[in-house]
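Report on the following structure.
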Amino acid sequence: MAALLTYPQGISLDETHFPAWIKFDIYKRKSPKDSTPLQTINLFMPESLNNPNTVSWDTERLGFIGGQMVAQKDGMSLSTLAGGAWDTVKLFGSNMAYGAASSMAQYGGGRATADQLRGALQGQVRNPYLTMLFRGVDFRTFAMDFTFYPHVESDCDLIDNIIREFRAHSLPPGAAADQPSFLGYPNEVEIAYMWRGKENRYMHKFKRCVITGIDVNYTGAGMMSVMRNGFPSHIKMHLKFSEIDLVLAEDVRKGY
C-alpha cells in the first residue's frame, strides 16, 4: 500500500470541515496510471488555482512572392505566376534605383536606406506581407502555494515529512553502483482536485507532471518564529509543476 501523508490530519475523512482538498500521487517514471503509487500526499487546497494554456504563434514576413502564393487558395495559375514574376522584376528595378540613390545620399553624409528613401520621397513603405504561423503548444505549468501552521506537536513532524518528501521526489536518485556516471530520473506526480472523496469533475484534470521547483520559506510571517520545540511556526511552500504530455483540443473536452 502506498505511503500516505495527510495535512491537516484526517482531511480526507472530515467532509464537514474539509470537503475539498488536493491529492498528489507519486509514481516512478513511466509507471502505468493503474499501478499503485509510491506515495500519496493529501493537502488543503492551495492559495490560488489556475489553469494556464499557452499556444505559440509567430509573426513572419512572407515577402511579395510568399504573399502571392499564400493568397492562391485554389492553386496558382500560369498567368498568376507570370504576373507575379513581372511585378517582382519591376519591384527589384525600383529597389535598385532607390538603392543607388541611397548610396549617393550616404556618400554625402546621410544614413537613409533604400526603403527609408522611398518613404521620404513617395510616402510608401514596402508591404512585408505579414502572417501568423502556428508553432505549437507549450506544456502547461502550474505553481501552487501552501502555508503551514502547526497546531499540535504531531503536526511538526507531519509538515516536516511532507516538505522532505516533495523535495526528494523532485530530485534524481543517486547513481547506480554499476553506472556511476549517470543519474536516474526524478519521480512523476499525478494531481487531482478532490471533492467529498471523489475527483471534482468541475475542475480541470492534470496530465502527469514533474516537480520543476520547490521553495520553502521558514519565515512566512516576515521574521523567524518557532514553537516551543524549535519548529518554525509559519512555513510557506511554493511548488512548481510541469506536465509531461501536451493538452490538445480533444483533451479539453475530456476535462483537462
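The values are calculated or read from the model by the stated rules, or taken from the named source; none is laboratory data. Since we're looking at a predicted model, the values are computed, not measured. Cβ placement follows ideal geometry from the backbone for every residue including glycine, while neighbour counts extend to all protein chains displayed. Quick note on the areas: whole protein, heavy atoms, side chains included, nothing else; ligands and nucleic acids left out. Shrake-Rupley method; radii C 1.70, N 1.55, O 1.52, S 1.80 Å.
Listed by chain and number, the lysines whose alpha-carbon sits under 21 Å from that of Lys254, ignoring those within fewer than 8 places in the same chain, are Lys23, Lys33, Lys198, Lys205, Lys207.
Each of Ala168 and Asp138 was given a label point 7 Å from its Cα along the Cα-to-Cβ line. The distance between the two points is 3.3 nm. His17 contributes an accessible area of around 130 Å² to the protein surface, as traced by a 1.4 Å probe with all chains present. Here's how it looks for Val247: its modeled amide H is under 5 Å from those of Arg140, which are all 5 or more places away or on a different chain.
Grab the beta carbon distance between Tyr218 and Val125, set R0 = 41 Å, and tell me the FRET efficiency rounded to 0.05. If you can, show how the numbers build up before the last one.
Details: r = 58 Å, r/R0 = 1.42.
Calculated transfer efficiency: 0.10.
Among residues other than Phe206 with Cβ under 14 Å from its Cβ, the summed charge is +2 (Lys and Arg +1, Asp and Glu -1). Solvent-accessible area of Arg135, all protein chains in place: 130 Å² (probe radius 1.4 Å, heavy atoms, ligands and nucleic acids excluded). Counted residue by residue at 0.36 nm each, then reduced by the alpha carbon distance between them, the extension gain from Ser225 to Lys33 reaches 65.0 nm.
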